[in-house]
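Just so it is clear, none of the values below were taken in a lab; they were calculated from the coordinates. Everything numeric here is computed off the predicted structure, so don't read it as measured data. Because the Cβ atoms are built from the backbone with ideal geometry, glycine has one as well, and the counts that use them run over all protein chains shown.
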Amino acid sequence: MPAITGHLQANVTSRQHPPFPIYIGLFFLLLCINALFAKFAVFTFEVGPGISSFYIVVALMIVFGLWFGMWGAIAAYAGCFVGAGLLSGIPAGINLFWSLADFWQVLIPLLAFRYLRADPALGKWRDLIIVLLFGVFINNVCGALWGSLTLALAGVIPWSGVGTALLSWLLGNIIVCLVLLPLILYIFTPLVRSHELFVNSYWN
């Protein structure tokens, strides 16, 4: 078993990373996926400007972050900016700050997994606990607070509507992530990890 593990680690270490333009192409692909799903979610389950009660794309954004590092995290911000923001009528000036909500929701689990050396394939109970803590609860609390308060501060929603926006955002995201995130990571991470585009650190 140690020999097999060492062989796999050697393969990962010696793996050739694709050229930089390939990562740029990956970024735009992720951006398009995020934007389309974000717009669909907000259009179909809207509870307020840019806010969906069933924001299914959040699970994909987090998965993309754990698989593709900062490329996935920045694509989450850009996808939210376009799909949930601009296409939902949120002014661009406000959207620049508001869309950071999705960025935090992806960045927090990414930092936790890299710092704690957790496995996105959830091979141990420790990995599952980390994804539940940082990829389901803490990150979505931060994102919901940031998103709803930013809209209220900008005058997009009244302060009386912050509670509804916050709860809808938070509960919807927690349910989506709780159901989809562990399942997707457990089933598909081993397949994606074998591809050269998989990012072990933050950028490659």
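A few points about this structure:
- Residues of the stretch 160-174 classified as buried (at least 17 other Cβ atoms within 10 Å of the Cβ) and either in contact (Cβ under 8 Å) with a residue 40 or more places away in the chain or touching a His at 6+ places or on another chain (Cβ under 7 Å) (or both), total: 6
- Looking only at residues of the stretch 115-159 that are in contact with a Phe, Trp or Tyr (Cβ under 7 Å, 6 or more places away or on another chain) and under 21 Å from Pro190 (Cβ atoms), we find that the one that is surrounded by the most Cβ atoms within 10 Å (Cβ to Cβ) is Pro120.
- Members of the stretch 189-204 found to be in contact (Cβ under 8 Å) with a residue 24 or more places away in the chain and either assigned to a helix (DSSP H, G or I) or hydrophobic (A, V, I, L, M, F, W, C) (or both), listed by number: Thr189, Pro190, Val192, Arg193, Leu197, Phe198, Val199, Trp203
- Helices (runs of 4 or more DSSP H) fully within the stretch 87-142 counting 2 or more residues that are within 16 Å of Leu60 (Cβ to Cβ): 100-115
- Residue in the stretch 125-134 that is in contact (Cβ under 8 Å) with a residue 60 or more places away in the chain and in contact with a Leu (Cβ under 9 Å, 6 or more places away or on another chain) present: no
- Of the residues in the stretch 163-182, none is part of a helix (DSSP H, G or I) and more than 28 Å from Gly50 (Cβ to Cβ).
Conditions tested, residue by residue: (1) part of a helix (DSSP H, G or I); (2) surrounded by fewer than 20 Cβ atoms within 10 Å (Cβ to Cβ); (3) under 10 Å from the mean Cα position of the chain (by Cα).
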| position | (1), (2), (3) |
| --- | --- |
| His17 | no, yes, no |
| Pro21 | yes, yes, no |
| Leu26 | yes, yes, no |
| Leu31 | yes, no, no |
| Ala35 | yes, no, no |
| Val47 | no, yes, no |
| Leu66 | yes, no, yes |
| Gly72 | yes, no, yes |
| Ala75 | yes, no, yes |
